Amino acid sequence: MWKRSLAKEALYEPENLPNNLKCNHTSRAFQCSSLTMRDLLTFHNRFYSSHLKLKQDALIVKFTQALPVKRRRPKNNTHSMKSFQTKYFISSCEGLLIPVCQQSFLSTLNISRSRVQRVIENFMKTGTNPTENRGGDHKSSKYKDKKVAVID
Ligand SMILES: [Zn+2]
């Protein structure tokens, strides 16, 4: 049966249900206002349908898009990988991908910005979705930005 990792998994259970979005974005880039409470709850529940961190991380990768920001620094190229802009999406009940601002994405899923950053950085580094990467993840809490710079 299951390995006894319940204590660890419990960390990834939601603490609260999403609140209504605080912003009023109606622009083309951020369409937060077009999402209903039902959309938010559905997306939230989808994320927490699994308490496995890997599965949740895979969903983060799926609904974000990292675009490298070109900022040429001739002195040290090693830091170039750290600069990227992230786009966030929430899928509506109809299955439409709605671009939203960072705050909406994070508050709907009740996750921290640093977790998203970590997942995306890892994805960019390895090029694989977290579910495909079966390596041990026990060190991820000590993961630091430095690591990204080393593996260019
Ligand atoms: Zn917004």
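The values are calculated or read from the model by the stated rules, or taken from the named source; none is laboratory data. Keep in mind it's a predicted model, so treat the numbers as computed, not measured. FYI the Cβ positions are ideal-geometry reconstructions off the backbone, even for glycines, and counts take in every protein chain you see.
Give the residue that is modelled with the lowest pLDDT, with candidates limited to residues of segment 10-50 that are in a helix (DSSP H, G or I) and aromatic (Phe, Trp, Tyr).
12
Limited to segment 22-66, what total is found for residues that are among the aliphatic types (A, V, I, L, M) and in contact with a Phe, Trp or Tyr (Cβ under 9 Å, 6 or more places away or on another chain)?
Count: 6.
Quick check on this structure: which one of 104, 114 is among the small types (Gly, Ala, Ser), away from the ligand (no atom under 16 Å from the Cβ) and either at pLDDT 65 or above or assigned to a helix (DSSP H, G or I) (or both)? Let's see the steps before the verdict.
Numbers: 104 fails: away from the ligand (no atom under 16 Å from the Cβ).
Matching residue, one of 104, 114: 114.
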